[in-house]
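Contents: one structure, followed by commentary.
The values are calculated or read from the model by the stated rules, or taken from the named source; none is laboratory data. Source: prediction; values computed, not measured. Neighbour counts are summed over all protein chains in view; Cβ atoms, including those assigned to glycine, are modelled from backbone coordinates with ideal geometry.
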Amino acid sequence: MRKPNYNFERQERERAKDAKAQAKAEKKKAEQAEAAASAERETAPAPRPEGEDA
């Protein structure tokens, strides 16, 4: 019977955990960027019609 390689299994779990955490961080960063862009669009002044002088 094969001897289990606990160190390898632990490394695999840690890699999976790190990958999941990285994906979660990237998703959160993307959501924050989208929220900031949305807030900026809402607070930006309305564009002036072309040909209208100040």
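Condition check ((1) part of a helix (DSSP H, G or I); (2) over 23 Å from the mean Cα position of the chain (by Cα); (3) of a type in the set (A, V, I, L, M); (4) modelled with pLDDT of 95 or more) across all residues:
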| site | (1), (2), (3), (4) |
| --- | --- |
| Arg2 | no, yes, no, no |
| Ala16 | yes, no, yes, yes |
| Lys27 | yes, no, no, yes |
| Glu34 | yes, no, no, no |
| Arg41 | yes, no, no, no |
| Glu52 | no, yes, no, no |
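Among the residues of segment 1-37, those identified as surrounded by 10 or more Cβ atoms within 10 Å (Cβ to Cβ) and polar (S, T, N, Q) are Asn5, Gln11, Gln22, Gln32.
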